[in-house]
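Reading through the structure tokens given below for one structure.
The values are calculated or read from the model by the stated rules, or taken from the named source; none is laboratory data. These numbers come from a predicted model, not from an experiment. Here the Cβ positions follow ideal geometry from the backbone for every residue, glycine too, while neighbour counts run over all protein chains shown.
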Amino acid sequence: MCVEKTAWEQVVDFHGHTCPEISLGYRVAQIAMRELGISPAPNSELLVTAYTHSCALDAFQVLNRATYGRGTLLVNEKKQHVYHFQYTGTSEGVQISLRSEILDHLVGVHDYENRREQQNKYLETIQFFLKIEEALFCIIEKI
């Protein structure tokens, strides 16, 4: 019997492990798709511009089908967790900016020497990112 993987499982498989940054990308990717709706045309592609390199980008590759190879995932490094999503052939898009209070939860999350403590902190942070109220998680702007 074949069991289809959830979107979360697909993202984790693609990335190779579970980490807090993946949960950020997962949440942002889902918000973007909800805000943009379905593709306006069959041949339209979603373009994603990220303003930082992070593990979050792997979630965009899986959930939003935006990839480096096809040129639909671009990084303009400014060390900001700001992401712009827009379908080709349209002038409208959405920009999602993570709140600084959210990013404070990443400080020191990788600094544990004890593997079990680090995994516990990872899980705690991931659950926090996935469950926090959206208004406290990010700012959504229609562009």
Quiz item: Restricting region 78-125 to residues that are in a helix (DSSP H, G or I) and crowded, with 16+ Cβ neighbours inside 10 Å, which is farthest from the chain's Cα centre (by Cα)?
Solution: Lys121
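Residue by residue, here is whether (1) modelled with pLDDT of 95 or more; (2) on the phi > 0 side of the Ramachandran plot; (3) touching a Pro at 6+ places or on another chain (Cβ under 8 Å); (4) surrounded by 20 or more Cβ atoms within 10 Å (Cβ to Cβ) holds:
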| position | (1), (2), (3), (4) |
| --- | --- |
| Asp13 | yes, no, no, no |
| Thr18 | no, no, no, no |
| Tyr26 | yes, no, no, yes |
| Gly37 | no, yes, no, no |
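Which one of Asn114, Asn64 is among the polar types (S, T, N, Q) and either modelled with pLDDT under 90 or more than 17 Å from Ala7 (Cβ to Cβ) (or both)?
Answer to the selection: Asn114.
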Quiz prompt | Top-ranked residue of region 54-74 - restricted to ones that are without any contact (Cβ under 8 Å) to a residue 12 or more places away in the chain and on the phi < 0 side of the Ramachandran plot, ranked as surrounded by the most Cβ atoms within 10 Å (Cβ to Cβ) | solution = Thr67
Quiz item: Where residues in region 126-143 are β-branched (Val, Ile, Thr) and at pLDDT 95 or above, which of them is surrounded by the most Cβ atoms within 10 Å (Cβ to Cβ)?
Solution: Ile126
